[in-house]
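Chemist: Got a structure for you, questions after.
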Amino acid sequence: MASVWVFIEEINERPSVLGLELLAKARTVGDVTAVYLGTGSDEAFAVLGEHGASSVLHADSGDRLPSGPLAAALADRMAAESPELVLFGQAYTDRDVAGRLAARLGVGVLANASDVRLTDEGVETDHEIFGGSQTATASASNGPFLVLIRPKSFAAEAAGKGAPSVDTLDLPDVGVSEAKIVESHVEEREGPQLGDAGVVVAGGRGLGSAEGYELVEKLAKQLSAATGATRAIVDAGWVPYAKQVGQTGKTVKPDVYIAVGISGAMQHLVGMKDAGTIIAINKDPDAPIFSVADLGIVGDVNKVLPQLIEALESR
Amino acid sequence: MKVVVCVKQIPDPATPYTLEEGTHWLTRPDDQILDDTDRYGVEMGLQLAQANEGTLTLVSMGPAGNAQGIRQALAMGADKAIIIEDDALRGSDALTTSKVLAAAIEREGFDLVIAGTESTDGYSGVIPQMLAEHLDAPALTYAKRVEIGDGTVTIDRQTDDGYDVVATDLPAVVSVTAGVVEPRYPTFKGIMDAKKKPVEHLTLDDLGVETSSDQKVTSISDAAERAAGQKIEDDGEAFQAIVSLLEERKVI
C-alpha cells in the first residue's frame, strides 16, 4: 500500500478544514500519515484518526516561521521513510513548506491540483485552467511527489477510524534561514465566514467606488450572507484581502452566490463557479459572468441593488 | 543595499489565453506585459532601495519577446535588468525556474530579493520559498508591509484571519501581496530613460545551470461546463426575479 503524507495546519486548536479535505482524498490513495503543525492535543489527534490518519507526525514551530525548520525536518524524515506522495493545500503556509521542501529534495511541485492519482509511471494530477472551462492533466515521474490541492476539491468527512499513533517531529535549527514571528494579529470578523457561508454576496469594480461596496454589505446582512470581492477591488484597496474570491483568494462553494458588478475574469470564476446557484448583476450584457449565472440581470447595480434591498427589508 | 526584484512578462490577461499544440504550453506572443502583481514588488523595491542608498536590479526568466514588460518595470525606476532566455527553458516547472533565477541572483549579489506571491499566468506560488532555499536565505512571504532595519527586515505577513509580524536578518527573500504599496505609473521621462538602461541577456550556459523538468501536461479536456441560465434586461422590475429565485432556493 502506498504511503501518503498529508500536511495539516492547526487552526483554533483543531485540524484545519482544508487538512481534513485532504485526508478524505489521501485515505483512498494509501496509508495516511498526518504531518500536523501546531500545539497539538489528544482531541486534535483523535480527529485526524477519525478522518483516516493511521499515524501522526506532530511538529510545533512555536514562534519560528515554520517553513524553513519544517522543510528541513521533513526532508530528513522522508529520506528515512520514503512516502510516495505528500499532499498540501493551496494555502499560505502549505505553499511555503511545499516550496521549500521541494527545493531541498530537488523535486517539483504540482500546484493548484483538483485531483491526484498514483499511477504505474508516477503521479497524475488534474488542474482546472482558463477559469475552470478546461481541465489539464499533468504527470511527473520522479518522486517523492509533492502536490498542492485547491480548497473544496474534496468533502471533509470522518471515516470512523480509531486513534492514530503519534510521533514527534523535532524541528532543527536552520541557522541563517530562521525567521521569528514577533506578534500575531487576529482581525475581528463579524457574521458568516466566507469559506463556509451558505450564501455569499460579492462585489466587483462595477460597484463604481469603495462606497458602493456598502450595498453589498447591506444585501449580505439581509440574507445572513458572507461578503466577498474580486481581486480588482481588493487591489484597489476598497476591501481587505481576506474578502478576495478567486484563484489568488478563497475558493467558495455556497448554495447561492450573488455576483454584483463582477465581470467574471477567469481568475475570479475559478473560485466560485461551483456554487449551487449563481445570480449575477452587471451592466455589460457580454460579461463572462453571465455564462455561468443561473440568473443574470443586465442592469445598473446601483439601481437594482437598492430596489432588492428595499424589497427584502419590507418583508 | 542591493535589491533584486523578480519580474515576469505574461500574455495580456485581457486577451484569451491559448495553448500550443502538442506541448500544451501557454502561447507567448512577442508582445507581453509586466505581470500586474509584479508592479507591487517593483514599487516596494524602488522605495526600499531609495531609502537605503541602494540599487534595484530586475531579474526575469522567459521568452523576452520585445521585452516591453521589462521596459515597463525599468520605466518605473529600476536601474537595470537581467533576462534569462534559453530554448531549453521552455515549459520549465517551478523548480527549474527557481534554480535559474537563484543562479542569476547569486551572480548579481543581493541583500534583499523581492517577488510577487505568484504569477498571474502560472500561479503556483512556490517560487519565493524555492528561491530562498537555493540562496540559503529565509523567506518572509505574503508581506502586506515591509520595513528594513539595521541589517534586518520585518514584514506583516498575511494570514487567514489577520497578520503576523515576522522578522529576520538580511539577506532575505520577501514576497509581497498586492496592496503592499501603491505602484507608481511611469513618467514620460521614466519611459525615455528606460530605453537607455542596461538589459543583460543570459543563457543557461552563462549561468552553468543544468535543468531537467520532470513535469509535463499530458492532456487537456473540456470541463463539465455550467450552462448559462436566464438572462434578463433590467426594466426597473428585474429585482423581483432575484427575490423569486431566493424564495425558491429557500434563502428567504
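Coordinate-derived values only; no laboratory data. Please read all numbers here as calculations on a predicted model, not as lab measurements. Methodologically, a virtual Cβ is constructed for each residue, glycine included, from the backbone with ideal geometry; neighbour enumeration extends over all protein chains shown.
Chemist: How do B:D36, A:D173 rank when sorted from fewest to most other Cβ atoms within 10 Å of their own Cβ?
Modeler: If I rank by nearby Cβ atoms, fewest first, I get A:D173, B:D36.
Chemist: So what's the Cα pair-distance distribution over chain A, bin width 20 Å, in %?
Modeler: The calculated distribution, bin by bin, is 31, 52, 17, 0.
Chemist: Compute the orientation-averaged projected area for region A:104-211 from the convex hull of its Cα atoms and round it to one decimal in nm².
Modeler: Average of the hull's projected areas for region A:104-211 equals 13.9 nm².
Chemist: Give the aspartates and glutamates whose C-alpha is closer than 18 Å to that of A:K25, dropping any in the same chain fewer than 8 places away, or say none.
Modeler: A:E9, A:E50, A:E84, A:D94, A:D115, A:E124, A:D126, A:E128, A:E157
Chemist: Per DSSP H run of at least 4 residues, take -39500 (n - 2.57); add these up for chain B, divide by its residues and hand me the 222 nm value, nearest 500 deg cm²/dmol.
Modeler: After summing the helix terms and dividing by the residues of chain B, the value is -8000 deg cm²/dmol.
Chemist: Partner chain Cβ atoms within 10 Å, averaged over the residues of B:82-94 - can you pull that number for me?
Modeler: Other-chain Cβ atoms within 10 Å of each residue's Cβ, averaged: 1.
Chemist: Here's another thing I want to ask about it. Neighbour counts of other C-beta atoms within 10 Å: give me A:F130, A:F7, B:F188 arranged from fewest to most.
Modeler: Fewest to most other Cβ atoms nearby, the residues stand as B:F188, A:F130, A:F7.
Chemist: How do A:Y241, A:Y257, B:Y123 line up, fewest other C-beta atoms within 10 Å first?
Modeler: B:Y123, A:Y241, A:Y257
Chemist: So what is the calculated 222 nm ellipticity per residue for chain A, using -39500 (n - 2.57) for each DSSP H run with n of 4 or more, over all residues, to the nearest 500 deg cm²/dmol?
Modeler: Rounded to the nearest 500, the figure is -8000 deg cm²/dmol.
Chemist: Moving on. Could you give the longest part of chain A that holds none of the GluC sites (Glu not before Pro) found in DSSP loops with at most 12 neighbouring Cβ atoms within 10 Å?
Modeler: Counting at most 12 other Cβ atoms within 10 Å as exposed, the longest clean stretch of chain A is A:14-120.
Chemist: Give me the compactness ratio for chain B, meaning the Cα radius of gyration over 2.2 N^0.38 Å.
Modeler: Scaled against compact globular proteins, the figure is 1.19.
Chemist: When we measure straight from the Cα of B:K8, which lysines land under 16 angstrom away, once same-chain ones fewer than 8 places off are left out?
Modeler: List returned: B:K80, B:K99.
Chemist: Okay, moving on. Please express the shape of region A:224-315 as an equivalent ellipsoid: the semi-axes are the square roots of 5 times the eigenvalues of the C-alpha gyration tensor, given largest first in whole angstrom.
Modeler: Working from the Cα gyration tensor, I get semi-axes of 20, 15, 14 Å.
Chemist: A further question on this structure: Just from the alpha-carbon atoms, what are the Rg and Dmax of region A:1-78 in angstroms?
Modeler: In Å, with Rg to one decimal and Dmax whole: 11.9, 37.
Chemist: On a C-alpha basis, how far is the centre of region B:172-191 from the centre of region A:1-78 in Å? Whole number, if you could?
Modeler: Cα centroid to Cα centroid, the span is 37 Å.
Chemist: Also, quick follow-up: Residue farthest toward the positive end of the dipole of region B:94-199, with Cβ of Lys/Arg at +1 and Asp/Glu at -1: which of B:A103, B:A172, B:T154?
Modeler: Among B:A103, B:A172, B:T154, the one farthest towards the positive end of the dipole of region B:94-199 is B:A103.
Chemist: Would you mind listing how long the protein assembly as shown runs along its three principal axes, going by Cα atoms, in whole Å with the largest first?
Modeler: Projected onto its principal axes, the Cα set of the protein assembly as shown covers 68, 67, 50 Å.
Chemist: Hey, another quick one. Mind checking the dipole of region A:51-135: about its Cα centre, +1 per Lys or Arg Cβ, -1 per Asp or Glu Cβ, Debye to the nearest 20?
Modeler: 340 debye
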